[in-house]
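Reading through the structure tokens given below for one structure.
The values are calculated or read from the model by the stated rules, or taken from the named source; none is laboratory data. Note that the structure is a prediction, hence the values are computed from the model and not measured. For neighbour counting, all protein chains shown are included, and Cβ atoms are generated from backbone atoms with ideal geometry for every residue, glycine included.
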Amino acid sequence: MIPGSFAYHRPKTVAEAVALLSELGEEARPLAGGHSLVPMMKLRLATPDHLVDLAGIGDLKGVRSDGADLVIGAMTTQHELIAADEVAARIPILREASLVIADPQVRYVGTLGGNVANGDPGNDMPAVMMCLNAVYHVVGKSGERRIPARDFYQGAYFTALEPGEILSAIRIPIPAAGHGYAYQKLKRKVGDYATAAAAVVLTKSGDRIATCSIGLTNVAETPLWAEEAARLLIGTALDAAVVKKAVAAAEAITAPASDNRGPVAYRTKMAGVMLARALAQAAARAA
Ligand SMILES: Cc1cc2nc3c(=O)[nH]c(=O)nc-3n(C[C@H](O)[C@H](O)[C@H](O)COP(=O)(O)OP(=O)(O)OC[C@H]3O[C@@H](n4cnc5c(N)ncnc54)[C@H](O)[C@@H]3O)c2cc1C
């Protein structure tokens, strides 16, 4: 399939990109790695008149520490995230989740910003960002605003981004040293989107869970932050009965589509299975 015709723009700064997007209006879309947008254009599910390519804007790339946070430029590719020592050392769940996105060819070009701004419930990074309590830096013609990932997703392909705004960076609080983490993803084959996936970050105090946060991928119209399930685990030794309760609480907030990845009941159960596995792995990894 061949996309419809469009005009191509390649700004060099964030200010230039924002000015272009607001001048061109709702028929203009930012282009990052193009690995979600271009397939949608080929299927004519997206028909923008203008693409504003962010690839020439150096300020949108890279990983830096800022106090207790890591700040990752929106145009940092999934491959660059996997290769970043600072990411592996301080927020290893980002590397673990990036490694199960698609395949190396997609990850060389696909960006973290595109993955989280896209609004596709099948994208892996949004639930990880909700789990980590990340904050998105968004720039528009009236300046910058910061939106917690937990408030960003409003429906399938519907986010808090306004037309004319771009996501410039993702700010992630670095979890405590010695935290446990896991991203467990069920997929039909290598390179597939999740049938269901669960992200867990926790800390332990002795043999008890001190803090816990859970995100779920592709089991509702938006990524999910399973707040109640995590709350049930805090203060416990993660025994089988309590894990069962947390799994039930997580399954209760899912509303997956019935599609070629399976019927609703199967995908709901798989969200629970992925969560139980992620909890066990995260607890085993926690110091
Ligand atoms: C074969 C294949 C398999 C895949 N499998 C997976 C998978 O298993 N898991 C997964 O998570 N993803 C998967 N993907 C999607 C891939 O990770 C994409 O790269 C990613 O979803 C989008 O990132 P991008 O940089 O390519 O963004 P683009 O496709 O360029 O953009 C996606 C959307 O976000 C908007 N956008 C992009 N950047 C910004 C920004 N900075 N500010 C505002 N809006 C922006 C665009 O306008 C567009 O609407 C797969 C893709 C392919 C082709």
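Side notes on the structure shown:
- For the stretch 173-194, filtered to residues that are within 16 Å of the ligand (Cβ to nearest atom) and under 15 Å from the mean Cα position of the chain (by Cα), the residue that is surrounded by the fewest Cβ atoms within 10 Å (Cβ to Cβ) is Tyr193.
- If the condition is being among the small types (Gly, Ala, Ser) and within 11 Å of the ligand (Cβ to nearest atom), then the stretch 57-84 contributes Gly73, Ala74.
- Applying a threshold of 6 Å to beta carbon distances and a minimum spacing of six or more residues, or different chains, the list of pairs starting in the stretch 258-287 at a residue that is β-branched (Val, Ile, Thr) and ending at one that is surrounded by 15 or more Cβ atoms within 10 Å (Cβ to Cβ) and assigned to a helix (DSSP H, G or I) reads Thr268/Glu251.
- Filter result (polar (S, T, N, Q) and either buried (at least 24 other Cβ atoms within 10 Å of the Cβ) or outside any loop (DSSP other than H, G, I, E, B) (or both)) within the stretch 90-122: Ser98, Gln105, Thr111, Asn115
- Taken over the stretch 209-229, residues that are more than 19 Å from the chain's Cα centre (by Cα) and more than 18 Å from Ala177 (Cβ to Cβ) amount to 2.
- Number of positions in the stretch 148-161 that are in a helix (DSSP H, G or I) and more than 13 Å from the ligand (Cβ to nearest atom): 3
- Which listed residue, of Thr217, Thr211, is in contact with a strand residue (DSSP E or B) (Cβ under 6 Å, 6 or more places away or on another chain), of a type in the set (Ser, Thr, Tyr) and free of Cβ contacts under 8 Å to residues at least 40 places away in the same chain: Thr211
- Residue within the stretch 195-217 that is of a type in the set (D, E, K, R) and within 14 Å of the ligand (Cβ to nearest atom) present: no
- Here Asp49 meets the list (1) modelled with pLDDT under 95; (2) surrounded by fewer than 15 Cβ atoms within 10 Å (Cβ to Cβ) almost entirely, failing just condition (1).
- Taking the criterion of being of a type in the set (Val, Ile, Thr) and more than 10 Å from the ligand (Cβ to nearest atom), the residues of the stretch 107-147 that qualify are Val135, Ile147.
- Test for Arg29: is it within 7 Å of the ligand (Cβ to nearest atom) and of a type in the set (D, E, K, R): yes
- Breaking point among (1) within 10 Å of the ligand (Cβ to nearest atom); (2) touching a residue at least 60 places away in the same chain (Cβ under 8 Å), for Ile101: (2)
- The one condition in (1) at pLDDT 95 or above; (2) touching a Lys or Arg at 6+ places or on another chain (Cβ under 7 Å) that Gly164 fails to fulfil: (1)
- When the test is whether a residue is in contact with a helix residue (DSSP H, G or I) (Cβ under 9 Å, 6 or more places away or on another chain), at negative phi and buried (at least 20 other Cβ atoms within 10 Å of the Cβ), Arg261 passes it.
- Of residues in the stretch 222-260 being assigned to a helix (DSSP H, G or I) and among the charged types (D, E, K, R), the one nearest to Thr195 (Cα to Cα): Glu251
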